[in-house]
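The values are calculated or read from the model by the stated rules, or taken from the named source; none is laboratory data. What you are looking at is a predicted structure, and each value in this text was computed from that prediction instead of being measured. Reconstructed Cβ throughout: ideal geometry from the backbone, glycine too, with neighbour counts over all protein chains shown.
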Amino acid sequence: MNEEIKRLDEMQQVLDDYINQFKQGYFSPLSQVAKLAEEVGELAREVNHSYGEIQKKASEPTNSVADELGDVLITTIIMANALDIDLTEVFKKNMAKFNQRDNYRFERKDDENNERMENNK
């Protein structure tokens with residue numbers, strides 16, 4: 001697996017190939033959502049240790065937010081595969097929704113620049 005993987009569909013295919021080499025195949029959706037919740041909990045714990053007030057115990061393994069976020073990503077992709085969900089299409093639909101719903105919700109950086117330019121005239 002030395003090839004460079006950049007797109008969601010490529011990630012989905014790599015994980016599908018990996019899972020399908022085993023007799024068990026994909027676990028049930030309920031087991032997968034439980035695994036996803038577990039991984040999100042580990043991510044939350046790592047974020048808390050990295051950015052919150054609670055420090056890790058010396059005996060705890062060293063993980064990173066990136067590692068835990070990677071586990072969440074992999075688990076999400078596996079669940080999408082098992083449910084025959086094309087994450088590229090889901091991404092496109094969600095970006096369209098965000099762009100429509102949040103179009104005027106937040107101040108844009110360009111708005112600040114345009115305002116400064118107008119004030120300097």
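If the condition is being of a type outside the set (A, V, I, L, M) and either at pLDDT below 95 or more than 15 Å from residue 78 (Cα to Cα) (or both), then the stretch 1-12 contributes 2, 3, 4, 6, 7, 9, 10. Taken together, the residues in the stretch 5-64 that are closer than 22 Å to residue 89 by Cα and under 16 Å from the mean Cα position of the chain (by Cα) amount to 12. Those helices (runs of 4 or more DSSP H) of the stretch 1-112 in which at least 3 residues are surrounded by 13 or more Cβ atoms within 10 Å (Cβ to Cβ), without any contact (Cβ under 8 Å) to a residue 40 or more places away in the chain and aliphatic (A, V, I, L, M), considering only elements entirely within it, cover 29-51, 65-82.
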